[in-house]
Each structure stands twice: as structure tokens, then as C-alpha cells.
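What follows is a short report on a single structure.
The values are calculated or read from the model by the stated rules, or taken from the named source; none is laboratory data. Bear in mind the structure is a predicted one, so any value in this text is a computation, not a measurement. When we count neighbours, we look across all protein chains shown, and the Cβ atoms used for this are built from the backbone with ideal geometry, even at glycine. Each accessible area value is taken on the protein alone, full model and side chains, heavy atoms only, with ligands, DNA and RNA left out. Shrake-Rupley method; radii C 1.70, N 1.55, O 1.52, S 1.80 Å.
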Amino acid sequence: MCLLECAIFMAMLRFKSNDAINFLGKLTPLRVINAAKILVSYYFSKYTGLLWHWGLPISLSIEPTTACNLRCPECPSGLRSFSRATGNVREEDFREIINQLQQKLLYLIFYFQGEPFIHPKFLDMVSMASAKGLYTITSTNGHFLDNDRAKQTVKSGLDRLIVSIDGTTQDTYTAYRREGSLEKVIAGTKNLIKWKKSLASKTPHIVFQFLVVAQNEHQIPEIYQLADELGVDEVKLKTAQVYNYKYGNPLIPQNEEYARYRKKSDGTYALKHSISNECWKMWHSAVITWDGQVVPCCFDKDASNVMGSMDYENFETIWNGQRYKEFRRRLLSGKAEIDICQNCTEGCKVWA
């Protein structure tokens, strides 16, 4: 789910859109100063190769739950394949995290693994973060947006809602969203739009996210048409991450423009872009699992690179701690040797 961050930064450039105006309205002097510190230290480190890190995260992902109702083939939640503990974040733990970071944090992503709406207190946590002036985002498979839940979602103050919809027909949709119902996703979207209008709310900004795979790439024009018919605010095309891509994978699109991988002359596949010794994510963002483990980014799905635990330390101590420093140094000298970086999306194209 790292492309969420890219989408927000792109939104900043659309000064005439309600979403961009809403986003910019979250800025405060402390948040602007903190963002400037992050940017300066990141570019210094990038161009000199010397580690310098200054400031606290601009962006934070918190995992509401690892549970999911679907069985998507390239997702640890869908495959039920985690080696780490699974569960739901406790509301009091969430509150403590927000209290520590609210002054300098700019946007909060309610997602890592799992389906956020499964958490019984999910929208209460969204309301809590919104009350702190944070730009709030989540990603959903759209199966839990009945009439009442859609109304509560709009009332929670959620700023951006990404709805994963990977097909315009049921057969195509379930090629990836296994055990899912396209009808439920469309009905949930209609509920959201109805309540936005009824409550005269400009939020959430609703995005249809279309994960492009071989089975649905022919329906790209149709997803734009469907979004327009429903009144969805935006469509995003997302490239699919697959774990075993070297010798091909049935999910890789035929049109290489929509793939993270290119076919080489010997018939094997490789990432389309090279892995350079830099990483914006490691300067401006972090991920916290449901049980308080701080991990470097959204590609560490099984939390194999724990930087610290919120059970024992405050966030700032972890963020500036020795484990984080060593990890950032490794990125600056040999990113390609780090396991979670070997299938990373940094450098991949994001479509509007």
C-alpha cells in the first residue's frame, strides 16, 4: 500500500481540487518546519551518501487489523500466511501513538495489511485522528460499506478513501479479489456518494484503485467509465507486485506499461527500474503494526525488520535509535542487498 503516499503528494499539486485544498488546510507551522527538516536531510543524504536524518515522520501507517474477508493471491492477509502475530490494534494504543506524534505528523494511513473496516472501532479511531487535524486515509476492498457504515464513514471525517476494484465484471474482478463480490463494492460506493451528498460533505475523496493484471488490463477504459457514472472522484491505476516474477507470472500484464517487470531477451523477468541507494520512505514515513512493532515501510509485510516496539519505548526514541540509523546506512550503501527492497515500487510509474 506505499502508492497511497505518492497519491497524496500528487494531490498537493492539484490546487483547484477540493482534496488538495483540504490537504493543504491541515498544514501548521510545526508541520511545515518538520517537513522542511525531513526534505533537507533526505537530499543531503541522497547526494552525499552520508547519513543525516532530521525531523519526525510526515506520514505514518497504522495497521488496524490483519484480518481480511478476501483471498487475494499475492497478499499475506489473503493467503493467511503471516509468520508474525495477527490481531487488532487496541484503541488505547492507537490513542497513545497519535498523542505522541500529532503536532508534526501530517497524514495518517489506516492501512498496512488486512481490511480496516473489520476492526470494530475503526471509525472511532478515524474520528479521533481527524479531531487532531490529521489528513486521514484508508484503503478498503469495499465489502463493509452498508448504508449505516457508509454514513458513519462520511461523518468520521475521513479525508480519502481508496476502494480497490480490480475489474468491471464479476469474473474479471475475482481473478484477483478472490471470494469477493463486485456487486457489493459498487453498492458500497453508491452508499458513500449518497451520504456525501446528503450530509453536504466534501470528504472522503473517493478513489477507485484498479490493480492492473493480465486478466483485467483490457477493462482499463471501462473502470474510468464506471467511476464517472457513479460519481467517484478519481481513478488510480496501480501496478501489481508479484513475489515470484523471474520466470513469469499469470498476473503480469501483457502491456509492459502497466507492469513493474520487463521481459528480458532470455525470457526471464526483472524489475523495470534499477534499485538505487536511496529511499524517501525511510526519511519521511514509518509503519506500526497492530501490536506496536515499528517497521521501516509497507514492503516489510511480515515485520522482519523491527526497529523497536511501542510497548517499551516512545516513537521518537525508536525513530532516532541505533537500529533505524543502521538500516538507513545500509540503504545508502547497498539497498539491493536488503530483502524487502528487492521488489520495491520506488521509481515505478503512478497513473492519474
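A quarter of the convex hull surface defined by the alpha-carbon atoms of region 52-186 gives 9.4 nm² as the mean projection.
Can you give the charge dipole size of the chain about its Cα centre, rounded to the nearest 20 debye, using +1 on the beta carbon of Lys and Arg and -1 on the beta carbon of Asp and Glu?
The calculation lands at about 700 debye.
Specify the residue with the greatest mean-square fluctuation among Lys26, Lys155, Lys264, computed from a Gaussian network of the chain linking alpha-carbon atoms under 10 Å apart. The residue with the greatest mean-square fluctuation here is Lys264.
Spin-label model, Thr169 to Asn147: label points 7 Å out along the Cα-to-beta-carbon direction sit 3.2 nm apart. Going through [x] 33, 28, 17; [y] 34, 21, 20; [z] 29, 27, 19, the figure that equals semi-axes √(5λ) of the Cα gyration tensor in Å as computed for the structure here is [z]. In this structure, the amide hydrogen of Leu237, modeled 1.01 Å from its nitrogen in the peptide plane, lies closer than 5 angstrom to those of Phe210, Trp351, counting only residues at least 5 positions away or on a different chain.
Bridgeable lysines around Lys263 (alpha carbons under 29 Å apart, same-chain partners fewer than 8 residues away excluded): Lys236, Lys238, Lys246, Lys272, Lys281, Lys301, Lys335, Lys349. Once the C-beta distance of Arg90 and Tyr312 is scaled by a Förster radius of 22 Å, the resulting FRET efficiency is 0.90 to the nearest 0.05. Put simply, the amide H of Ala214, placed in the peptide plane, has neighbours under 5 Å in Ile252, leaving out anything fewer than 5 places away on its chain. Projected onto the charge dipole of region 16-151 (+1 at Lys/Arg Cβ, -1 at Asp/Glu Cβ, origin at the Cα centre), which of Pro73, Leu30, Thr140 gives the Cα projection farthest towards the positive end? Among Pro73, Leu30, Thr140, the one farthest towards the positive end of the dipole of region 16-151 is Leu30.
For Ala36, put the label point 7 Å out on the Cα→Cβ axis and report which residues of region 43-58 keep their amide N under 14 Å from it. Zone members listed by number: 55.
Residues in the chain average 43 Å² of solvent-accessible surface per residue, probe 1.4 Å, ligands and nucleic acids excluded. For region 64-119, the dipole from Cβ point charges (+1 on Lys and Arg, -1 on Asp and Glu) about the Cα centre works out to 120 debye, to the nearest 20. With unit charges on the beta carbon (Lys/Arg positive, Asp/Glu negative), name the residue among Leu50, Gly267, Ala85 whose Cα is farthest towards the positive pole of the charge dipole of the chain. Working it through, the farthest residue towards the positive pole turns out to be Leu50. Helices in the chain, meaning DSSP H runs of at least 4 residues, each add -39500 (n - 2.57). Divided by all residues, the mean residue ellipticity at 222 nm is -10500 deg cm²/dmol.
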